[in-house]
Every structure is written in structure tokens, then in C-alpha cells.
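The values are calculated or read from the model by the stated rules, or taken from the named source; none is laboratory data. Predicted model, so just to flag it, every value in this text is computed and none were measured. Heavy atoms of the whole protein, side chains included, go into the accessibility calculation; ligands, DNA and RNA do not. Shrake-Rupley method; radii C 1.70, N 1.55, O 1.52, S 1.80 Å.
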Amino acid sequence: MLTRIPKTELEKGMYVEAVECSQTVFGKRRFVLKSDSDFNAILNSPADFVLINTAIGSTGGAAAGVTSGAGKPLTPAEAKSAFGRSTGIVKAELVTMLSDGVLDMEKFSPVIEEITEADDAQFALMHEVSRLRTKDESTFQHSLSVGMLMGRLGDAVGLDKETVELLVLSGLLHDVGKLAIPSKILLKDGPLSPAERKVIRTHPRRGHTILKTYDNIPDLALEICLHHHELLDGTGYPMQLSGSEISLLVRISTVCDVFDALTSSRVYKRGWATVDALNWLFERDSQFDRKLVLRLGGLVDA
Ligand SMILES: [Fe+2]
């Protein structure tokens, strides 16, 4: 819900949609207010009012980022709330993209920021929360979770901050093609028939086609959307790429995607234990990059 408040009532953790300012002194829009510099910039601007979104950020009091208050660790309830809020943003943007043909990449910024700034303990809590999926939200929760894992793994293998942020964004967008799959197949309880599986397997190409219609989608997000189901031995899809044809960044996406799918719980299926999922991936080194699986193990099994 959009609420207009005097700037003097502004608190950290609020989601700022816009600062009412006739002069372009404060150009930043749509972000979770976290830093002292942004806070002071708004207070010192000529603006009198700020438009906040209470459906996304806090309404006052607690901070809405991955930390509560002044750097205190997240409680499980706060982790759940942060994950739910980020899922809401991913859902809103992907649905808007499909229905209205509009994608405002800026709106993913608070999610990417939240993920890339999380410390180990915060990541672990968010990951735990992400394992519990609701049926209708599962694609969005999976997208967010894969984005979290990809960013984390990219950071662990020494990629620069810009690439890590791109990996997070690519994770958020990688399964957008699933939203074009009929719900009765996508949300079906229980095993899929061969024909249904064939339909599901069209989602990378469908997603790639959707994303290509926008001129502001980074090449990496397009590549990961199309190839996140390719396997090193050439048995993946849609193009049966193999070995060195699959880049390191795409390999990161395949490992994280499968790990998240195995460990997540749904109403009809219990998620695997982390160690079982890691072992399963590790044993399939003809399909998944073993070095990346080991790195992932160091992150999620700590
Ligand atoms: Fe997928």
C-alpha cells in the first residue's frame, strides 16, 4: 500500500517509492532505506513528503532489510518476513512483465541488495525459510532461492560484485518461462506424465523468448534462462550442450537450481536433507561441476 508521510517520520527499513521533490536533488527511487547517507540525503533535501510502500517495507519501527535494527541478527520470524517480502517483489514484477509487457529492472534492486549484503547467518536463516514452499508461490520462491544461492556461490568462487549481482538477477529471472506453462501441469500434485514433462521442458525456450522481447535484459540472464537445464554430459535440454560449451556462470545456475529443487519441501513432498542433496549432485560429476558442488557444500552445510 502506498502511503505519503512527512519526511520527518521516515525510518530505516521503509521502502521508498519516491521522494516528493520538485528539484532533482534526490534522484534515487524505489529502494529499501538502509544507509545513513540515503536517510540524511532525504532529510536534507527540499522535499516535505515521501511516498513509501508499506506492503514491501516496514511501516515504522523495525528495519526491513536482512538485519533488524542496528545490525542485530535476524530472528527466524524476521527471516520469514524478509523472504516473503522479497518473494512478493519477484512475483509482482514477473507477473507484471507477462501481463503488461513491462519490466522495471530497478524494482529488483532491493531484493538483489538484500541478498548480496546478507552475512552467513542471515543467508542460512533465509535458506531455511526458503525450503518451505507453498504451491501457488513455489515458482517465485524457487526463483528467489536460486538467486540467493547463485549469488552466494558466485561470491565463493571469487567473482566480482557486479557479476555476483548479475547472477542474482539471472536467478530471479531464470524460470520465467514456467509462468507460460498451464497451471494444471505446473502445479500438479504428484508425478508428471511423459507428455506433461515434455511441456514443462519447453520452459527455458519460452522464458528466453519472453526475456528477449525486452531490450534491458543482460546477456547473462538470457543465457542462464535458456541453458539452466543443460548438463555437462550433454543429456540436458534444450540444446544438449556439453562440457566446455556450458560456461562457469551457467554451471553455477544448474547446480543451484537442482540443489534448491531437491531440498525444498512441498505439501506432497518432503525436501531432502542438505547433505543428501549435495551427495546426489557430487555423485553425478559427469553432469554437474564437482568443484562447484563442493563450494556449495561449504556454504550451505556450515
Ligand atoms: Fe527451470
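Remark: the stretch 231-243, residue by residue, has Karplus-estimated 3J(HN,Hα) of 10, 4, 8, x, 9, x, 8, x, 10, 6, 5, 9, x Hz, where x stands for each Gly or Pro and the curve is 6.51 cos²θ - 1.76 cosθ + 1.60 at θ = phi - 60°.
Scanning residues 5 or more positions from Leu192 or on other chains, none has an amide H under 5 Å from its amide H, with H placed 1.01 Å from N in the peptide plane.
Structure remark: mean-square fluctuation, Gaussian network model of the chain, C-alpha springs under 10 Å; the largest value among Ile185, Ile52, Ile217 belongs to Ile185.
With coordinates expressed along the principal axes, the C-alpha atoms belonging to the stretch 117-263 extend over 42, 34, 32 Å, beginning with the largest.
Entry note, the chain: relative contact order of 13 percent, from Cα contacts under 8 Å with a spacing of 6+ residues. Beyond 32 Å in Cα-Cα separation lie the following of the pairs Lys161/Lys184; Lys184/Lys212; Lys34/Lys291; Lys91/Lys161: Lys161/Lys184; Lys34/Lys291. Treating each Cα of the chain as an identical point scatterer and summing with the Debye formula, the log10 of I(q)/I(0) at q = 0.09, 0.13, 0.14, 0.15 Å⁻¹ comes to -0.46, -0.93, -1.06, -1.20. Within the listed set Ser183, Ser138, Ser81, the Gaussian network model of the chain (springs between alpha-carbon atoms below 10 Å) gives the highest mean-square fluctuation for Ser183. The slack between Glu117 and Ser193, meaning 0.36 nm per residue of separation minus the straight C-alpha distance, is 23.2 nm.
Around the amide H of Phe49, modelled in the peptide plane, lie the amide H atoms of Lys7, Glu20, all under 5 Å away and 5 or more residues distant in sequence or on another chain.
With a 1.4 Å probe and every protein chain kept in, tell me what percent of the accessible surface of the chain is carbon plus sulfur.
Values: 7530 of 14060 Å².
Carbon and sulfur atoms account for 54 percent of the accessible area of the chain.
Which one of Lys107, Lys161, Lys178 has the biggest mean-square fluctuation once the chain is modelled by GNM with Cα springs under 10 Å? Checking each option, the largest mean-square fluctuation is seen for Lys161. The residues of the chain present an accessible area of 47 Å² per residue when probed at 1.4 Å with all protein chains retained.
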